[in-house]
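What follows is calculated from the coordinates using simple rules that are stated; it is not laboratory data. Owing to the predicted nature of the structure, the values given are computational and were not obtained by experimental measurement. Cβ atoms come from the backbone with ideal geometry, glycine included; neighbour counts cover every protein chain shown.
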Amino acid sequence: MKDTFTHKGMRKRLVETLRAKGIANVAVLEAINKVPRHWFMDSGFLDHAYTDKAFPIAADQTISQPYTVARQTELLEVNAGDKVLEIGTGSGYQSAVLLEMGIAVYTIERQNELFKKTSLALPKMGYRPKKMIFGDGYKGLEEFAPYDGIVVTAGAPYVPKPLLAQLKVGGKLVIPIGEPVQIMTVFTRKSATEFEKTEHGEFRFVPMLEDKN
Ligand code: SAH
């Protein structure tokens, strides 16, 4: 897998686009500048890899739009060494961005075909999540909880309770909620029983589905 000067140049322009759209977190922009997004898409789609658009991957799923990945990562407010649970591994691109930031990544995918493909592909690129799990993200991943952040990368009809329960105090759940359009919503855990909710605009995701297949 190549990452040429052309790719790097295209990526720099993408980062400038994201900055212009309001992404301010330097660690996030640097991570996007480092991850070769074209590796996460089938070859032949190079021109699309560095435009700010979502794109189809296997099994009717999409690699999220770079702006969406950047915004969700920024909203997590995590730092190197923190522990993040991702729901919806998909292509693995969001995982790679978090790994570039020095985050310990735990990620769950419910689609078996994608799970198999991405769990082979990510380590080959040098990206090693702590755990890649084939399972249902509605349940979270109790075994390794609590997390500094949880990011849901599919559109959720409601907030799964286990995800709130698996946050550290001070941790954030970043989750797009609603149908057919989602409101990017952040829940910050204030104490064992209290959560603060903030909303961050409209986004469109593929649906978060129950159970695995
Ligand atoms: N983070 C991904 C985005 C993939 S799209 C990326 O960077 O490419 C959303 C993904 O969520 C899809 O792969 C879909 O199969 C998965 N998904 C949907 N419902 C899920 C659930 N309940 N548990 C885990 N993954 C789920």
Computed label-point distance, nm, for sites ASP52 and VAL26 using a 7 Å Cα→Cβ extension: 2.1
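Do any of LYS2/LYS161; LYS83/LYS117; LYS8/LYS161; LYS124/LYS212; LYS53/LYS212; LYS83/LYS116 go past 31 Å between their Cα atoms, and which?
Values: LYS2/LYS161 42 Å; LYS83/LYS117 24 Å; LYS8/LYS161 41 Å; LYS124/LYS212 25 Å; LYS53/LYS212 27 Å; LYS83/LYS116 23 Å.
Cα-Cα > 31 Å for LYS2/LYS161; LYS8/LYS161; rest within.
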Residue with peak Gaussian network fluctuation, the chain [Cα springs, cutoff 10 Å], from LYS124, LYS34, LYS139: LYS124
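With the Cα gyration tensor of the range 94-157 giving a ≥ b ≥ c as the square roots of its eigenvalues, does the rule (a/c under 1.5 for rounded; else a/b larger than b/c for prolate; else oblate) give rounded, prolate or oblate? Please list the in-between numbers first.
Numbers: a/c = 1.64, a/b = 1.14, b/c = 1.44.
Since a/c reaches 1.5 but b/c is at least a/b, the shape of the range 94-157 is classed as oblate.
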Ordering of 140-153, 2-15 by packing [mean C-beta count within 10 Å, highest first]: 140-153, 2-15
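Order 161-168, 173-180, 186-193, 105-112 from most to least packed using the mean count of other Cβ atoms within 10 Å. Provide the component values of the computation, followed by the final result.
Details: 161-168: 17.1, 173-180: 19.5, 186-193: 13.2, 105-112: 23.0.
Per-residue mean Cβ counts within 10 Å order the peptides as 105-112, 173-180, 161-168, 186-193.
Under the definition of Cα pairs under 8 Å and six or more residues apart, what whole-number percent is the relative contact order of the chain?
On the way: 421 pairs, mean separation 33.1, N = 213.
The value is 16 percent.
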